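The next block holds one structure in the form of structure tokens; read it before the comments.
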Amino acid sequence: MKQVCEKLQIDYPIIQGGMGNISNAQLTAAVSEAGGLGTIGCGTMTPEEVEKIILETKERTNKNFAINIAISVSPYTKELIDLVIKHNIPVVSLSAGNPAPYIPVLHEHGITVIALVASVKHAQKAEAAGADILVAEGFEAAGINSNLELTTFTLIPQIVKHVNVPVLAAGGIGDGHGLAAAFMLGASGVQIGTRLIATQDAPFHETYKKGLVQAGDTDTMILGRSVGRVRRVLKAPYAQQIAERENEGISVEQYAEWTSEKQHIKGAIEGDLYNGFINSGQVAGLIESLPTVKELLSSMVTEALELMTDRAKELEEIKQQA
């Protein structure tokens, strides 16, 4: 925990997940200002679009923030690496692909590398390639997900057991209970995404935020199993249409078109759930309010501390009575 905070130069071991083409300076800066590590997700954006967000984020905060590059998703990976170096971004997270070719050049420029993984095998390869920190993401997480479908609760301890670098937990975490659980599983911190969308600082459509607050435990759904492109979204008309089409049989190309960043923007930014979708993790069922990012991160840490202290006292009492 302390090692992660020192390495990333943050107050709390909480980082923001990459949000692809709906990433923005406002939320990224808010997370960093609140003591976490804000992240700009590049998605399929051009280097020029990403650079604009970087410059705005730097105007909003002088604290560290990261850039997430989805290697197999972005057509501009090399150009984005150059952009990171140009603007002296201190942390880069690499996902959706093999990080090995990019880690050496990032390290040459003193950049800390976080690699997103979804299995022990992936984690060991990323560590061997030189990743400084790993984010182990369970199947509960929002958006593009692993076809392996391993849950956070089982994934984290297995990865922690087989690697020596710090591991952050992702998927299904959005409050102090989740943070405390991640620590108990061996994680050194957490990455959160869906919970940050439901905050006052997030500039997304009110329909998106309202949907997360009103969501119950079974209100997310999985798309893309039939074509090997798994994605978790909030149940809504357009998402249901895709699921129906998928049941009838679709091609990878059709699925890619229907779940493109354009459709994601329609849902998340424009609030049009009849022509677009919104990503959501299963943690949506736990969301009941719209705090500021500062309030959220502070409450998560305070709640986790109280929970771990109380449980330790209870276990000690039980042990003494046994």
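The values are calculated or read from the model by the stated rules, or taken from the named source; none is laboratory data. Here the structure is a predicted model, which means the values were calculated and not measured. Ideal geometry is used to build each Cβ from the backbone, glycine not excepted, and the neighbour counts take in all protein chains shown.
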Residue check, VAL105 assigned to a helix (DSSP H, G or I), modelled with pLDDT of 95 or more, in contact with a strand residue (DSSP E or B) (Cβ under 6 Å, 6 or more places away or on another chain) and outside the structural domain of SER260 (by TED's automatic domain parsing): no
Members of segment 98-128 that are more than 23 Å from ASP82 (Cα to Cα) and either touching an Asp or Glu at 6+ places or on another chain (Cβ under 8 Å) or loosely packed, with under 15 Cβ neighbours inside 10 Å (or both): VAL117, ALA118, LYS121, ALA128
Any chance ASN68 is within 20 Å of ALA268 (Cβ to Cβ) and modelled with pLDDT under 95: no
Criterion: modelled with pLDDT of 95 or more, of a type in the set (Gly, Ala, Ser) and in the same structural domain as ILE40 (by TED's automatic domain parsing) - qualifying residue of GLY176, GLY143: GLY176
Unmet requirement for GLU246, which otherwise passes all of (1) out of contact with any Leu (no Cβ under 9 Å at 6 or more places or on another chain); (2) modelled with pLDDT under 95: (1)
Hey, GLY186 crowded, with 21+ Cβ neighbours inside 10 Å and either of a type in the set (Ser, Thr, Tyr) or assigned to a loop (DSSP other than H, G, I, E, B) (or both) or not: no
Flag for ALA131 being buried (at least 21 other Cβ atoms within 10 Å of the Cβ), modelled with pLDDT of 95 or more, under 18 Å from the mean Cα position of the chain (by Cα) and outside any strand (DSSP E or B): yes
Close pairs from segment 245-264: first of a type outside the set (S, T, N, Q), partner assigned to a helix (DSSP H, G or I), Cβ under 6 Å, at least 6 apart: GLU246/SER226; VAL252/VAL227; TYR255/VAL227; TRP258/ILE242; GLU261/ASN21
Segments classed as helices (runs of 4 or more DSSP H), wholly inside segment 193-261, with at least 3 members that are surrounded by fewer than 19 Cβ atoms within 10 Å (Cβ to Cβ) and of a type in the set (D, E, K, R): 237-248
